[in-house]
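The structure under discussion appears below in the form of structure tokens.
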Amino acid sequence: MHDLDLILTFTGGLGAALFLGYLSHRMGLSPIVGYLLAGIVVSPHTPGFVADRHLAEQMAHIGVILLMFGVGLHFHFKELLAVKRIAVPGAIVQSAVATLLSMLLMRAFGWSWTQGAVFGMAIAVASTVVLTRILVDNNHLHTPTGHIAIGWLVVEDIFTVFVLVLLPAIFGGGESSSGGAGIAMALLWTTLKIGALVAFTFLFGGWAIPRLLTRIARTGSRELFTLTILVLALGIAVGSAKLFGVSMELGAFLAGMVVGRSEFSNRAAIDALPMKDAFAVLFFVSVGMLFDFRSLLETPWLAAATLGIVIIGKPLAAIFITILLRYPLRTALSVGAVLSQIGEFSFIVATIGAQYGVVSAEAFNALVATAILSITLSPLFYRAVGPIERWVAARPKLWKLLNRVEVSEEGSPSGDPHGLTRRAVVIGYGPVGRTLARLLKDNGFVPVIVEMNVDTVQTLKAEGEQAFYGDASHPETLKTAGVGNADILILSASSVSMGSEVIQEARRLNPSIRVLARTAYLQEADQLLEAGADEVFSGEGEVALSMTENILRGFGATGEQLDRENERVRREFFPHREPAAG
């Protein structure tokens with residue numbers, strides 16, 4: 001029966017999320033709204049099908065872990081250090097504001113200062129899933145704003161780890177709760193464990209993980225590679241919690257950063273993590289399942305005030321500190337909007353607080369209602385950033401006050417990092433690809449190699465060349481290789497997997513790019529041309545040309561005869577090509 005419950009929960013939850021998410025999208029809203037409504041529909045608080053909430057939460061937790069691993073893949077320490085000037089003070093100030101406002105709120109409703117502090121810590125931290133989803137949906141994850149938001153979130157997650165350690169130390173009733181010495185020891189011990197986790201992950205993991213992935217990649221088995229990535233993500237996440245006492249999400253994030261420093265980051269993101277989206281959807285479904293509308297009607301003002309702190313107090317604090325640190329207004333508004341919600345960590349803190357009697361049932365339900373509404377509204381706030389910025393820009397005095405300095409934001413991935421405009425992407429580094437890459441380099445191009453042979457990629461990188469390990473048939477591989485900014489794309493391998501799809505995606509990313517393709521068989525040439533290739537070179541046709549010329553030369557043919565016969569072979573084998581110049 002448990003297996004049936006699992007299948008029903010997974011299928012029913014995703015089915016409801018698909019239907020309502022599609023309706024939300026058609027209405028111009030974020031699909032997240034539909035996912036939350038799906039949770040309400042399959043919850044025990046509404047009639048009809050009832051999913052197993054605990055199973056949904058467990059599957060959702062897997063999604064959060066995989067999501068944080070995926071974020072870590074493309075987030076490097078240099079980017080975190082680049083935004084430390086804003087992420088660290090910003091997260092601290094915003095968390096302090098949320099906690100202080102919550103203490104005042106809870107006091108007004110008759111609860112103690114301590115209860116207000118714990119509740120404030122719960123709503124101070126934003127949702128990893130929601131923040132990442134908003135950035136991805138708007139193509140801002142790998143922008144300066146995305147780097148700041150992710151760095152801010154990492155600091156909040158670390159802060160939350162300390163909160164989760166302090167709650168038992170203060171309210172657990174043991175010796176540690178009797179005075180400040182126990183709390184200080186708990187803080188010190190947690191700091192040491194986080195430091196040990198970071199050191200272990202980057203020193204040992206940085207040595208072991210790339211070697212393991214290299215061995216697996218050499219097998220050529222996609223299934224083994226996918227399984228290895230999943231074991232690394234989930235294993236390090238669980239090990240972080242069991243061995244170091246920190247959140248699994250933080251461990252998964254660090255594991256992703258280690259893999260991201262190797263040549264396997266692109267393939268890991270493409271081949272091993274597509275299922276994270278399905279599991280992440282279950283996170284929103286599980287949140288919706290917690291909502292009890294009847295309980296909300298009993299304490300509507302508490303929920304309204306909590307929502308005000310999350311969607312007004314927290315964003316204003318974020319905007320204020322960002323402007324104060326002399327970042328552009330758009331950055332301030334974007335960061336404030338993307339952080340104007342709460343999620344998974346809020347529930348974890350509130351659940352622990354409820355166990356120790358410092359978070360009441362009414363407060364917990366107000367938190368759930370706030371999560372649902374803030375998750376719904378946050379994407380809409382993010383879309384409003386542009387119009388708000390334009391409205392402020394139309395008022396010079398206000399613009400000068402709020403947009404104090406147009407700083408050059410660190411960590412921007414935009415633009416050509418080499419300062420060169422002539423770029424070529426070469427798919428495949430066999431004899432043909434190697435020759436073409438050398439010719440391109442000799443003629444002022446910067447060739448970027450995409451190759452599925454991990455040893456070749458490692459050798460090229462060691463020689464200082466730009467090379468990516470990955471399957472070119474996946475759009476993310478082409479994006480990573482820089483097809484969007486390239487002048488020419490060359491499919492140099494005789495049989496590129498899904499060559500037509502590669503060309504079509506390249507045209508979508510960069511309509512003006514010149515595409516040259518190689519194929520083994522003539523019958524494939526027309527398909528590649530229809531897909532958008534400018535020229536297709538067939539192995540059969542080129543062999544026919546070479547053999548024809550060799551035969552004619554052996555029988556003493558004149559230059560004019562050679563040209564005439566070569567032209568006839570070209571017309572027969574390559575009807576799409578322009579006639580050779582006479």
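The values are calculated or read from the model by the stated rules, or taken from the named source; none is laboratory data. Keep in mind that this is a model prediction, so the values were computed, not measured. Counting neighbours? That spans all protein chains shown, and the Cβs are built from the backbone with ideal geometry, glycine included.
Some observations on this one:
- Of all residues in segment 358-396, those satisfying the criterion of being aromatic (Phe, Trp, Tyr) and buried (at least 18 other Cβ atoms within 10 Å of the Cβ) are Phe364, Phe381, Tyr382.
- Meets criteria (modelled with pLDDT of 70 or more, in contact with a helix residue (DSSP H, G or I) (Cβ under 9 Å, 6 or more places away or on another chain) and within 24 Å of Leu516 (Cα to Cα)) for Gly582: no
- Segment 213-226 - residue that is surrounded by 12 or more Cβ atoms within 10 Å (Cβ to Cβ), more than 14 Å from Arg261 (Cβ to Cβ) and touching a residue at least 12 places away in the same chain (Cβ under 8 Å) and, of those, nearest to the chain's Cα centre (by Cα): Thr226
- Looking across Gly260, Gly251, one residue alone is surrounded by 20 or more Cβ atoms within 10 Å (Cβ to Cβ) and more than 26 Å from Val163 (Cα to Cα). It is Gly260.
- Test: Gln458 is surrounded by fewer than 20 Cβ atoms within 10 Å (Cβ to Cβ), modelled with pLDDT of 85 or more and of a type outside the set (A, V, I, L, M): no
- Residue check for Gly70: surrounded by 22 or more Cβ atoms within 10 Å (Cβ to Cβ), more than 16 Å from Pro144 (Cα to Cα), modelled with pLDDT of 85 or more and in contact with a Ser or Thr (Cβ under 9 Å, 6 or more places away or on another chain): no
- Residue in segment 236-248 that is touching a residue at least 24 places away in the same chain (Cβ under 8 Å), within 14 Å of the chain's Cα centre (by Cα) and closer than 16 Å to Val64 by Cβ present: no
- Residue count for segment 114-151 under the criterion of being hydroxyl-bearing (Ser, Thr, Tyr), part of a loop (DSSP other than H, G, I, E, B) and surrounded by fewer than 24 Cβ atoms within 10 Å (Cβ to Cβ): the result is 1.
- Ile86 modelled with pLDDT of 75 or more and crowded, with 21+ Cβ neighbours inside 10 Å: yes
- Cβ-Cβ under 9 Å pairs, at least 6 apart or on other chains, segment 535-550 side at pLDDT below 70, far side among the aliphatic types (A, V, I, L, M) and not in a helix (DSSP H, G or I): Glu540/Ala520
- Spans of helices (runs of 4 or more DSSP H) in segment 312-410 with at least 2 residues within 30 Å of Phe293 (Cβ to Cβ): 314-324, 329-338, 344-355, 361-383
- Any hit, segment 274-282, residues being closer than 30 Å to Phe225 by Cβ and in contact with a Ser or Thr (Cβ under 9 Å, 6 or more places away or on another chain): yes
- Applying a threshold of 8 Å to beta carbon distances and a minimum spacing of six or more residues, or different chains, the list of pairs starting in segment 275-299 at a residue that is in contact (Cβ under 8 Å) with a residue 60 or more places away in the chain and ending at one that is of a type in the set (Ser, Thr, Tyr) and in a loop (DSSP other than H, G, I, E, B) reads Gly288/Ser43; Met289/Ser43; Leu290/Ser43; Phe291/Ser43.
- Some residue of segment 154-168 being closer than 19 Å to Leu73 by Cβ, surrounded by 22 or more Cβ atoms within 10 Å (Cβ to Cβ) and at pLDDT below 85: yes
- The combined condition, being touching a Gly at 6+ places or on another chain (Cβ under 9 Å), at pLDDT below 75 and either part of a helix (DSSP H, G or I) or surrounded by 20 or more Cβ atoms within 10 Å (Cβ to Cβ) (or both), is fulfilled by Phe75.
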